[in-house]
């Protein structure tokens, strides 16, 4: 009989974290009692072991006393429960699964944004109850398609999340119904990756075995779902909590598949497998317990490259399941060199990883592993291949050294000369430190002498960009670029390897003295092509927008007959120009200033004076507005009255005689 165990069976990352947190709890460090808020996991054996350790299940918050400690299980709790615990003055050890925590954040944020929260899952499950506690317990909880179909249509916007262990196909089906019932549906993928992998693998395995054994607690939601999935494909599917519940198997059974729920300890799974070996004679003679145990383990040797699956991680190490009697440990620092490293993405539980065995026993019973050493082996092979095929690779600049920089590619050191870092001279390479760059391997003499070039790729990329640009350019087309430099006559913009000029007259609708009044180097700008010459490689760009023109739709703002107020800007012999708003001027003809004839505007007006006027004509195309002061409040000159004839000191004849005498004196002076 062949026993096939599913790779993704047993503790998931969240449960493993919660169990380890509880068992590693030092009871000597606390004065009061230590509790778990509800059963830590759905496994009676683990609960009994915790009780023996002195950790009890808390049934009511009223039982708490100040100084007690409470372990939050992987299922998580609601916001108000945290508040109640804090009021009791207890120590909280939060072992909530990271995937569940993410749902709490989503629900809380979307609830505050005004969304109606919909949770797809079992309304009585502690995880669902905890999630509901982050939206003031106002969520709509749906467990099946029928409940969704019975909902009334609504104009509300909803945010939908699911229980982490919910069946994906069923979740998708419910969401499709919800889309027809609500005006706007925002769906979040909150089913745990480990759950998806576990369910997918169980479904595939149950299709090709004669008997399927599902190990886990009967009150465990994810175990029940595994059982249902397997039962659909394999009629002889059995749910057992431990080895004592194993059914007697027919001698004709050739293959048995085994999977386990997320709350099932590894020890229970191995016990079941060993018991099955005891029940059936795999070989002619029976094996003892130790022989059967050793058969379940993989043999490991130092300096051997092995594959395993990530179990979890902490600040110091990444835990790897090698199928061995001990877990493997990879130092976390081996991952931190990558600037793009993301623990949630790169250290997903169940993800396969390759490592080199450094020590089979590190002294604490764990297998010491190195990811870096395997990376170097694989990296060198990839560098060799890239050199032969002249394909680019991405490396991280680790050091700035004399004459260039040293880059790292999967543990392989590559020297990049300073002249090969860019297509132009770079005096200081410091800004490249820690950056990921694309390079081409140009020389590979040996493992210690590997040379790369970034310049080759930069030049090639720029040439391709320039060719593509000139093939597609047209007047009126818009581009987003970066201001490269400023001059007195305009701004040069990098459009992606090709430069264009925004003339100073195209920067703003109002008069400016310098481009720096509008833009600065490094600004991202949207521009449009106003002209270009492919032969000279010159491009003229427009930056100012039509809608920013103060004359844009001026006829909708001002109308003939409107009375407006403006400021006198300047005077000319035929009238005055008045500013109605910044960038919009109108003309008051000299004949429209006063009710009496005046010789020049200065007789009655001064620059900067505010005046009321009536609009008598508008011409948007010519940008002309004609105005009249006299039709609103005419401004007449103030003149002194002439003195009476009898009061005059000089008579007209006397005045004329004086002028003649003066002219005579001037002529005489000239002649002399």
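The values are calculated or read from the model by the stated rules, or taken from the named source; none is laboratory data. Just so you know, these numbers come straight off a predicted model, no measurement behind them. Neighbour counts are summed over all protein chains in view; Cβ atoms, including those assigned to glycine, are modelled from backbone coordinates with ideal geometry.
Within segment 121-137, which residues are out of contact with any strand residue (DSSP E or B) (no Cβ under 7 Å at 6 or more places or on another chain) and either crowded, with 23+ Cβ neighbours inside 10 Å or touching a residue at least 24 places away in the same chain (Cβ under 8 Å) (or both)?
Kept after step one, since they are out of contact with any strand residue (DSSP E or B) (no Cβ under 7 Å at 6 or more places or on another chain), are these residues of segment 121-137: 122, 124-127, 129-130, 133-134, 136-137.
Matches in segment 121-137: 122, 125, 126, 127, 129, 130, 133, 134, 136, 137.
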In segment 121-136, which residue that is under 29 Å from the mean Cα position of the chain (by Cα) and in a loop (DSSP other than H, G, I, E, B) is farthest from residue 168 (Cα to Cα)?
136
Out of the residues in segment 24-43 that are at pLDDT below 75 and under 23 Å from residue 222 (Cβ atoms), which is nearest to the chain's Cα centre (by Cα)?
41
Filter segment 413-457 for residues that are touching a residue at least 60 places away in the same chain (Cβ under 8 Å) and not in a helix (DSSP H, G or I); which is nearest to residue 380 (Cα to Cα)?
447
Hey, can you tell me all the residues within segment 387-427 that are in contact with a strand residue (DSSP E or B) (Cβ under 6 Å, 6 or more places away or on another chain), within 23 Å of residue 463 (Cβ to Cβ) and surrounded by fewer than 20 Cβ atoms within 10 Å (Cβ to Cβ)?
387, 392, 394, 417, 418
Check on residue 399, under 30 Å from the mean Cα position of the chain (by Cα), outside the structural domain of residue 519 (by TED's automatic domain parsing) and part of a strand (DSSP E or B)
yes
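Take the conditions surrounded by 14 or more Cβ atoms within 10 Å (Cβ to Cβ), over 30 Å from residue 526 (Cα atoms) and in contact with a strand residue (DSSP E or B) (Cβ under 7 Å, 6 or more places away or on another chain) and apply them to residue 437. Does it pass?
Details: surrounded by 14 or more Cβ atoms within 10 Å (Cβ to Cβ): yes; over 30 Å from residue 526 (Cα atoms): no; in contact with a strand residue (DSSP E or B) (Cβ under 7 Å, 6 or more places away or on another chain): yes.
Criteria not met by residue 437.
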Give, as residue ranges, the strands (runs of 3 or more DSSP E) completely inside segment 535-616 that count at least 1 residues that are assigned by TED's automatic domain parsing to the domain that holds residue 490 and either surrounded by 13 or more Cβ atoms within 10 Å (Cβ to Cβ) or modelled with pLDDT under 95 (or both).
538-542
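Considering segment 323-348 alone, what residues qualify as being part of a loop (DSSP other than H, G, I, E, B), at pLDDT below 85 and either closer than 18 Å to residue 266 by Cβ or in contact with a helix residue (DSSP H, G or I) (Cβ under 9 Å, 6 or more places away or on another chain) (or both)? Step through it out loud before you land on a result.
Here is the first cut: in segment 323-348, the ones part of a loop (DSSP other than H, G, I, E, B) are 323-327, 332, 337-342, 347-348.
Remaining after also requiring at pLDDT below 85: 323-327, 337-342.
Listed by number, the residues that qualify are 323, 324, 325, 326, 327, 337, 338, 340, 341.
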Which one is nearest to residue 149 (Cα to Cα) among residues in segment 97-115 that are touching a residue at least 60 places away in the same chain (Cβ under 8 Å) and in a loop (DSSP other than H, G, I, E, B)?
115
Please work out which one of (1) part of a strand (DSSP E or B); (2) without any contact (Cβ under 8 Å) to a residue 40 or more places away in the chain; (3) buried (at least 20 other Cβ atoms within 10 Å of the Cβ) is the condition residue 118 fails and give its number.
(2)
Selection count where residues are over 16 Å from residue 189 (Cα atoms) and touching a strand residue (DSSP E or B) at 6+ places or on another chain (Cβ under 7 Å), scope segment 143-167
5
